[in-house]
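The values are calculated or read from the model by the stated rules, or taken from the named source; none is laboratory data. Here the structure is a predicted model, which means the values were calculated and not measured. So basically every Cβ, Gly included, is an ideal-geometry build from the backbone, and we count neighbours across all protein chains shown. Each accessible area value is taken on the protein alone, full model and side chains, heavy atoms only, with ligands, DNA and RNA left out. Shrake-Rupley method; radii C 1.70, N 1.55, O 1.52, S 1.80 Å.
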Amino acid sequence: MKLRKFAYIFGLLIVLLVNCLFVNYEFMIILCILVIIPSISWIVYKFSLMDMRLYVSNDNLRYTYGSNLDVVIWFGNKFNMKIPWCRCKVIVSYSNSDKEYENEVTFQGLKQFQKNTIMNVNLEHIGFINVHVCEFEVRDYLGIFSRKIQYNTQNIFYIFPDKIKTIETEINYIHQEDQYILSHIEFDNTEVQDLRNIVEGDSLNHIHWKRSIMSEDFIVKQFGEELKRHHCIVLDLSWHNEQNFRHVLDNIYRLTYSLANTYVNAGIETSFIYWDSKKGDIELFDFDSIEGLYEAMETIMQINSNSYSFDLLLESVLLEKDNFGENIIVITSKDYKIEELNILNVVERFSDSLYE
């Protein structure tokens, strides 16, 4: 770029000097060409920069572990003009990881609102991936004029786990029979749960007359409502200084997602309990649908791992255990043995090959 600009200026000075020493028509034409053509190129270049906007856009914000993410950019400017030449620099990083991946892509004749793939990322971790377009360089058609634009465009894409088949011990209370609160109130607005023979104290308003005619005894309607089942999953998102930590965290996300997905499909309300290191307090996220599960996963995948977070979380859970109910599962990578809690260790749950 600098060499080309130097060569142009040097050539222009020589032609100008020749025109001063010799009055010649051909030299005059060359001088005009050296001035007019770069001027047109400069004007087009300047117009293409006016009110220029750069976007990182993808049709989907949620991806599955192991799939590919195409990082796509498109731009717009005031006069709907092409960008003659541009170079884009993008940096990609995973949550709770120090690794960064950098890529540079060059385009020629970039059209407005034309989508261009600048990077293809193989999603090798679960969590979220941050795509940062940090620099955008634009040049004119001749490569004489240029401008580097520093951007701070950041986009987050969520990487969801692949589902695993949960084992029976991890959902040991999911297949229990439904439990009900039965009501004997005379004017009851709950649903009819069953029909049974009349007993002393039943209201005459509860008698099912059609069934009673066909029976030897009076049949009454049993009102009541189903007890809602609610389970809590306590998440160990703490950071520990191990080489395979990011893979361990992947498996915590994987087991959490699969277990919660099983609960939701069974109609069980679920809560994620985790420690928010920014707030310095315990946090709960309640959900009872698949979309709610997606939102809950997005929330916990944005939590920054902290060295002491799980010890603080576990202490709070044990103190407030009665508020969370009996159905509490702890998902961790540490070797805890606590009688009051059902603990699932991802290191024991998954084979060693997943950590290589």
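Here are the numbers for this structure:
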read-out: FRET efficiency estimate (nearest 0.05) - Cβ-Cβ, Tyr336 to Tyr308, R0 22 angstrom; value: 0.90
read-out: log₁₀ of I(q)/I(0) at q = 0.11, 0.13, 0.20, 0.21 Å⁻¹ - the stretch 1-93, Debye sum with one point per alpha carbon; value: -0.58, -0.69, -1.03, -1.08
read-out: 1.4 Å probe accessible area per residue over the stretch 30-105, in Å²; value: 53 Å²
read-out: For the stretch 206-353, the fraction of alpha-carbon pairs in successive 10 Å shells from zero, as %; value: 10, 36, 28, 8, 7, 7, 4, 0
read-out: Residue-by-residue Karplus 3J(HN,Hα) for the stretch 90-107, coefficients 6.51, -1.76, 1.60, Hz, glycine and proline x; value: 10, 10, 10, 9, 8, 5, 6, 8, 8, 6, 10, 10, 10, 8, 10, 10, 10, 10
read-out: Base-10 log of normalised Debye intensity for the stretch 62-167 (one unit scatterer per alpha-carbon) at q = 0.23 Å⁻¹; value: -1.23
read-out: Bridge type composition, the stretch 232-356 - antiparallel percent by DSSP, nearest 5; value: 40 percent
read-out: ³J(HN,Hα) computed for each position of the stretch 243-254 - Karplus, 6.51 cos²θ - 1.76 cosθ + 1.60, integer Hz, glycine/proline x; value: 5, 9, 3, 5, 6, 5, 5, 4, 6, 5, 4, 5
read-out: GluC sites (Glu not before Pro) within the stretch 286-329, DSSP loop, no more than 13 other Cβ atoms inside 10 Å; value: Glu320, Glu326
read-out: Mean projected area in nm² (Cα convex hull; one quarter of hull surface) for the chain; value: 30.1 nm²
read-out: Choice from His231, His132, His206 with maximal GNM fluctuation in the chain (Cα, 10 Å cutoff); value: His206
read-out: For the stretch 273-313, convex hull of alpha carbons as volume per residue, Å³; value: 60 Å³
read-out: Apportionment of accessible area to carbon and sulfur, the stretch 25-146, percent (1.4 Å); value: 55 percent
read-out: Sulfur and carbon atoms: percent of accessible area, the stretch 245-349 [1.4 Å]; value: 41 percent
read-out: FRET efficiency, Lys115 to Leu195 (Cβ-Cβ, R0 56 Å, nearest 0.05); value: 0.35
